[in-house]
Amino acid sequence: MSKQDTHFFNVFSLVLGLLMAIAIGIFAFARVVASHTQDKQVMAEADYTKNVSARLALPAQEAIAGQDNSALAIKVAGPAAGSAAPGMPGTGTQLFEQACSACHGQGIAGAPKAGDKAAWAARIAQGKATLYQHALNGFQGKAGMMPPKGGRTDVSDDLVKQAVDHMVQISQ
């Protein structure tokens, strides 16, 4: 092997070594910078910490025959006296805002828009008894489908009737 070949291999090895050192340096610098910012950002996100807590929670607890299972009893915290459960509408207007406006606010699935006098005129002419029946039991018409109680089967019939009255009032 000639002196030129040896010199070339030495210079080539030196260049490769320098490039490897630079790449390792950049990698280490990126890790240091990321360690200072990433942990703070991730821990500041409430959803992230909730998801981690949910994944770390025990998967289930089972009652075992012949042992004390009182710790597994379901504890229901009742609502304060005179107040409705969270998310439960107290008036027809609130029910309209929570459930009915999903379709009747935009006219989705053939639902007449609340406040559209032309769309509601024929329906109002049928009488409130018919409107109540369609709202309570559901209705399949030419324009679309009305689910029973607008999909909120957990509310009372009187509350649904109040919501119907509210829509009729704003659509007359």
Scan L159, L131 and give me the residue that is of a type in the set (A, V, I, L, M) and either modelled with pLDDT under 85 or within 18 Å of M88 (Cα to Cα) (or both).
-> L159
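Within the bounds of segment 61-70, is there any residue that is at pLDDT 85 or above and more than 38 Å from the chain's Cα centre (by Cα)? Reasoning before the result, please.
Start the filter on segment 61-70 by keeping residues that are at pLDDT 85 or above, which leaves none.
Checking segment 61-70: not a single residue is at pLDDT 85 or above and more than 38 Å from the chain's Cα centre (by Cα).
The rows are residues; the columns are (1) of a type in the set (D, E, K, R); (2) over 18 Å from A163 (Cβ atoms); (3) under 22 Å from the mean Cα position of the chain (by Cα); (4) modelled with pLDDT of 85 or more.
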{"site": "A81", "(1), (2), (3), (4)": "no, yes, no, no"}
{"site": "A85", "(1), (2), (3), (4)": "no, no, yes, no"}
{"site": "C100", "(1), (2), (3), (4)": "no, no, yes, yes"}
{"site": "Q106", "(1), (2), (3), (4)": "no, no, yes, no"}
{"site": "A111", "(1), (2), (3), (4)": "no, no, no, no"}
{"site": "K117", "(1), (2), (3), (4)": "yes, yes, no, yes"}
Could you grab the pairs with beta carbons closer than 9 Å, sequence gap of 6+ or different chains, first residue in segment 96-113 and within 14 Å of G151 (Cα to Cα), second one assigned to a loop (DSSP other than H, G, I, E, B) and among the β-branched types (V, I, T)?
-> A99/V155
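The values are calculated or read from the model by the stated rules, or taken from the named source; none is laboratory data. Because the structure is a prediction, the values reported are computed rather than measured. Methodologically, a virtual Cβ is constructed for each residue, glycine included, from the backbone with ideal geometry; neighbour enumeration extends over all protein chains shown.
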